[in-house]
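Have a look at the structure below, then the notes.
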Ligand code: TXA
Ligand code: MG
């Protein structure tokens, strides 16, 4: 595995060549690092599942260079989906739509639908444009673990199991894209993420409903995004301090995680903080829940999954 500095000559070109040779390339996006393979390369896509230890029933997100590419991969696209695309692409929003025959079964786990997003990250866009095709890119971590927001996280998780890592520094948002199922009416929220349902309501006047029944995202397990340390959730900073003292007197290494006053910072720092706690051999992270609106919904969703219990 080689880590590429995008400032070096031909960095993007090297990634393009690698992808065309069926290699796996970790790339920065505005949300988290993704593990990319060419969208038409079944062998490389199968290797993504193997490297991540991900069950094949958990479908991948197709990443496209331009919003206009949507119609090559998707059909019967609803008015709501078009409005979401116009408002939020390129950007951290993924739509689930009906797929065309151009999408291979390996991407979707043989579903009729496909998840698509058009990322806004400068390097990802450049890569996609030079590649002249789409990629699939799940988060570049082992299945069930916290997503990577820096190149070093990818090295730590996947290391020599992949071919190249394009080091784009820290990811801007730090949380995954919002996933909206646009095959239902109204559209359903499958994964809270970087774009909030309030933003969607404001921009498109779409009242996204909660996921239910069939369309609940495959792979949305209750315990996901988990660090090794225990995560305990509390309502405010005072309670966090109290808990920390309690634990410290029992000889338990505890650390408080609280950026609840600045949600963008909370999103940006969340995964890195959980990874750092593991590196520092912290036993318990006491995380203060965010206010539940806006970006706070996605932050709390990840915190609940990391804790898998509410205390
Ligand atoms: O921000 C992101 O979306 C990142 C970056 C790298 O782009 N990618 C990412 O991919 O988070 P991944 O594979 O870790 O998560 C994809 C999510 C899964 O929860 C999966 O269940 C859902 O999207 N998904 C994919 N295809 C779907 C489909 N056809 N129907 C319903 N859910 C789908
Ligand atoms: Mg993931």
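Values quoted throughout were computed directly from the atomic coordinates according to the rules given, and no laboratory measurement underlies them. These numbers come from a predicted model, not from an experiment. Every residue, glycine among them, receives a Cβ derived from its backbone with ideal geometry; neighbour counts consider all protein chains shown.
Numbers at a glance
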{"read-out": "Tail fraction, Cα-Cα pairs, region 1-93, threshold 20 Å, whole percent", "value": "48 percent"}
{"read-out": "Max mean-square fluctuation residue, GNM over the chain, Cα-Cα springs under 10 Å, options 100, 31, 124", "value": "100"}
{"read-out": "Cα gyration tensor of region 230-307 - equivalent ellipsoid semi-axes, whole Å, descending", "value": "21, 14, 9"}
{"read-out": "Highest-MSF residue in the chain out of 14, 250, 130 [GNM, Cα springs under 10 Å]", "value": "250"}
{"read-out": "Relative contact order of the chain, pairs being alpha-carbon contacts under 8 Å that are 6 or more residues apart, as %", "value": "20 percent"}
{"read-out": "Helix axis angle, 42-52 relative to the chain longest principal axis, alpha carbon, degrees", "value": "0 degrees"}
{"read-out": "Per-residue Cβ neighbour rank within 10 angstrom, fewest leading, 162, 116, 252", "value": "252, 162, 116"}
{"read-out": "Residue list for region 273-290, given a label point 7 angstrom along the Cα-to-Cβ vector of residue 252 and an amide N cut-off under 19 Å", "value": "274-275, 277-289"}
{"read-out": "Helical contribution to [θ] at 222 nm, DSSP H n ≥ 4, -39,500 (n - 2.57), averaged over the chain, rounded to 500", "value": "-10000 deg cm²/dmol"}
{"read-out": "Relative contact order of region 239-287, pairs being alpha-carbon contacts under 8 Å that are 6 or more residues apart, as %", "value": "48 percent"}
{"read-out": "Principal-axis tilt of helix 237-249 within the chain, Cα atoms, nearest 10 degrees", "value": "70 degrees"}
{"read-out": "Cα gyration tensor shape of region 2-210, rounded if a/c is under 1.5, else prolate or oblate by comparing a/b with b/c", "value": "prolate"}
{"read-out": "Full-extension gain in nm, residue 112 to residue 17, via 0.36 nm per residue minus C-alpha separation", "value": "31.1 nm"}
{"read-out": "Label point distance in nm, residue 58-residue 86, each placed 7 Å from Cα along Cα→Cβ", "value": "3.6 nm"}
{"read-out": "Rounded to 10°, Cα long-axis angle of helix 79-88 versus longest principal axis of the chain", "value": "70 degrees"}
{"read-out": "For region 250-282 and region 142-168, distance of Cα centres in Å", "value": "19 Å"}
{"read-out": "Choice from 235, 37, 290 with maximal GNM fluctuation in the chain (Cα, 10 Å cutoff)", "value": "235"}
{"read-out": "Extension reserve of the residue 185-residue 161 stretch, reckoned as 0.36 nm per residue once the Cα distance is removed", "value": "4.5 nm"}
{"read-out": "Beta bridge orientation in region 2-210: antiparallel %, DSSP, nearest 5", "value": "55 percent"}
{"read-out": "Estimated distance in nm for a label pair at residue 66 and residue 261, the labels positioned 7 Å out from Cα along Cα-to-Cβ", "value": "4.6 nm"}
